[in-house]
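One structure is given below, encoded as structure tokens.
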Amino acid sequence: MSQGNCRNYPPATFFPSDGVGVDRARKICNGCPVLDTCLEHALEHRIEHGVWGGASERERRRILKRRRVDA
């Protein structure tokens, strides 16, 4: 995502091993111009690791589960 806030950070920032790292990644994502596009990309491609579109792995699983229920 060449227009994302993340472009100025190392990829490891978005693949944290703890909750503090997830919060740090979310803060970078906050207000990003491609936040929704990034999240949809992760959901469509079933990306299981890292913070994408401001959402953690757990949050993306919940979103996908909700979408299946609503469908």
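The values are calculated or read from the model by the stated rules, or taken from the named source; none is laboratory data. Note that this is a predicted model, so its numbers are computed, not measured. Glycine gets a Cβ as well: all are built from the backbone with ideal geometry, and neighbour counts include every protein chain shown.
Report yes if some residue within the stretch 15-36 is in a helix (DSSP H, G or I), polar (S, T, N, Q) and out of contact with any Pro (no Cβ under 9 Å at 6 or more places or on another chain); otherwise report no. Please lay out each step first, then the result.
The first filter runs over the stretch 15-36 and keeps only residues in a helix (DSSP H, G or I), leaving 19-29, 35-36.
Now restrict to residues that are polar (S, T, N, Q): none.
No, because not a single residue in the stretch 15-36 is in a helix (DSSP H, G or I), polar (S, T, N, Q) and out of contact with any Pro (no Cβ under 9 Å at 6 or more places or on another chain).
This table checks each residue for (1) of a type in the set (A, V, I, L, M); (2) more than 13 Å from residue 4 (Cα to Cα); (3) modelled with pLDDT of 95 or more; (4) exposed (fewer than 11 other Cβ atoms within 10 Å of the Cβ).
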position: 19; (1), (2), (3), (4): no, yes, no, yes
position: 38; (1), (2), (3), (4): no, no, yes, no
position: 50; (1), (2), (3), (4): no, yes, yes, no
position: 56; (1), (2), (3), (4): no, yes, yes, no
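Which ones in the stretch 33-50 are over 19 Å from residue 67 (Cα atoms) and either among the aliphatic types (A, V, I, L, M) or more than 11 Å from the chain's Cα centre (by Cα) (or both)?
Taking the stretch 33-50 first, the residues over 19 Å from residue 67 (Cα atoms) are 33-34, 49-50.
Selection gives 33, 34.
Here's the yes/no breakdown for (1) in contact (Cβ under 8 Å) with a residue 24 or more places away in the chain; (2) aliphatic (A, V, I, L, M):
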site	(1), (2)
5	yes, no
19	no, no
28	no, yes
49	yes, no
61	no, no
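Can you report the number of residues in the stretch 22-36 which are surrounded by fewer than 12 Cβ atoms within 10 Å (Cβ to Cβ) and charged (D, E, K, R)?
Within the stretch 22-36, the first condition is being surrounded by fewer than 12 Cβ atoms within 10 Å (Cβ to Cβ), and the residues that meet it are 27, 30-31, 33, 36.
If we keep only those that are charged (D, E, K, R) too, we end up with 27, 36.
Here the count works out to 2.
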